[in-house]
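> Sharing a structure, written as structure tokens. Questions coming.
Where a number appears in this text, it was derived from the coordinates with a stated rule and is not lab data. All figures in this text were calculated on a predicted structure; none of them were measured in a lab. Cβ atoms come from the backbone with ideal geometry, glycine included; neighbour counts cover every protein chain shown.
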Amino acid sequence: MDKRARLSEDAVMAAFDFSGKVVLVTGASDGIGAVIARVFAEHGAAVAIVARRLEPLEAQAAAIRDATGRRCLAISGDVTDPLDWERVIAATLAEFGAIDVLVNNAGGSVRSSLRKLTPAVWQRGRALNLDAAAYGIMAVGRHFLERQAGAIVNISSVAGINGTMGEVPYSAGKAGVQMLTRVAAAEWGPHGVRVNCVAPGMTATGRMQKAVARGAYDLAEATRRFPLRRVGTCEEVAHAVLFLASDYASYITGQTLAVDGGPPIAGFTED
Ligand SMILES: NC(=O)c1ccc[n+]([C@@H]2O[C@H](COP(=O)([O-])OP(=O)(O)OC[C@H]3O[C@@H](n4cnc5c(N)ncnc54)[C@H](OP(=O)(O)O)[C@@H]3O)[C@@H](O)[C@H]2O)c1
């Protein structure tokens, strides 16, 4: 490798070096969140991970520590509860002294057609997929505004861009997260805080792979209209999150980046 290539590789490594930084990731005992936490730790960060059930969370924290040699703190908490957020922030600050990055990842599908939708199901979908991110931003915001620094990455979904039939609470919540991102970015940009959003498409989590194995999905059919013709990996989502939290994205805020294999577009082909 010539000297210039080596220099530019060093610059890339420096921009993605999170040594000395603290990253808080919600919904990180499993799926995309667990991989986001591991990828930040691989890039040098100390990580705090949050989910409701402590046992799988502790196991995930141990796996991240073993794989990366970095510090990883497991904090059980429900992101739909503002009081839990206060506790999670306090525990992270007590352990690490600061927070540099918040990844609001916890979320999940809440299925119901409009016809069968009840206020309780609507509230559940909104609580997990919109309120939780707002509570997280409010709770970490005091710390970020005091320091005049910080990066937030919210995890939305392509369901929040295109909508998904039968998932109206989820789609509306995930669309709300994108607007939450824009307004938070506008209000806190002058205070050194960047807020961005990643909208994954179909992503191969353990949960999805089990569903495929029991025949709940036909992946070839489901991905037929995506330009890249496959589902994404958790790592591909995590790399977008890492980029948006990094110094390489220092002039990017208020944006939603779709990591979805490309937009499905109808039309004519040449062959
Ligand atoms: N997988 C996909 O194809 C896909 C596509 C688009 C968008 N997304 C989005 O990506 C994010 C991660 O999805 P995923 O599929 O990786 O999820 P997942 O595999 O179902 O994992 C969910 C994680 O969140 C935690 N969690 C759930 N409810 C919580 C709550 N109220 N408070 C705290 N933690 C909670 C779970 O642990 P506990 O149950 O112990 O709390 C678990 O650690 C979500 O926001 C999802 O909407 C996923």
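> Want the number for Ser113 to Arg52: 0.36 nm per residue separation, take away the alpha-carbon distance, what's left?
Length difference between fully extended and current span is 19.2 nm.
> Separate question: Run the quick spin-label model on Glu9 and Asp66: label points 7 Å from Cα toward the beta carbon, then report their separation in nm to one decimal.
3.0
> Assuming 0.36 nm per residue, please report the length gained on full extension of the stretch Leu219 to Asp247 beyond their Cα-Cα distance.
Length difference between fully extended and current span is 6.5 nm.
> How many times 2.2 N^0.38 Å is the alpha carbon radius of gyration of region 41-138?
Its radius of gyration relative to the 2.2 N^0.38 Å reference: 1.24.
> Within region 127-157, what residues put their amide N at less than 15 Å from the label point 7 Å along the Cα-to-Cβ vector of Glu187?
Once the point is set 7 Å along Cα→Cβ of Glu187, 131-146, 152 turn out to lie under 15 Å by backbone N, inside region 127-157.
> Under 10 Å from the Cβ of Arg52, count the other residues' Cβ atoms, weight Lys and Arg +1, Asp and Glu -1, and hand me the total.
That works out to -2.
> Quick one: give the max-minus-min coordinate of the C-alpha atoms of region 176-271 along each principal axis, largest first, in Å.
Principal-axis extents of region 176-271 (Cα, largest first): 49, 36, 25 Å.
> May I pose another question? Can you tell me the convex hull volume per residue for the chain, based on C-alpha atoms, in Å³ to the nearest whole number?
Spread over its residues, the Cα hull of the chain gives 172 Å³ apiece.
> I need the peptides 138-146, 16-24, 101-109 ranked by packing, meaning the mean over residues of other C-beta atoms within 10 angstrom, with the highest value on top.
Most protected by this proxy first, the peptides run 101-109, 16-24, 138-146.
> Could you tell me, in Å, what Rg and Dmax come out for the Cα atoms of region 85-197?
15.2, 49
> Could you check which residue among Glu187, Glu235, Glu58 shows the biggest mean-square fluctuation in a GNM of the chain with a 10 Å Cα cutoff?
Sorting by GNM fluctuation, first place goes to Glu187.
> Show me 250-261, 210-221 ranked by packing, highest mean number of other Cβ atoms within 10 Å first.
The packing order, highest mean first, is 250-261, 210-221.
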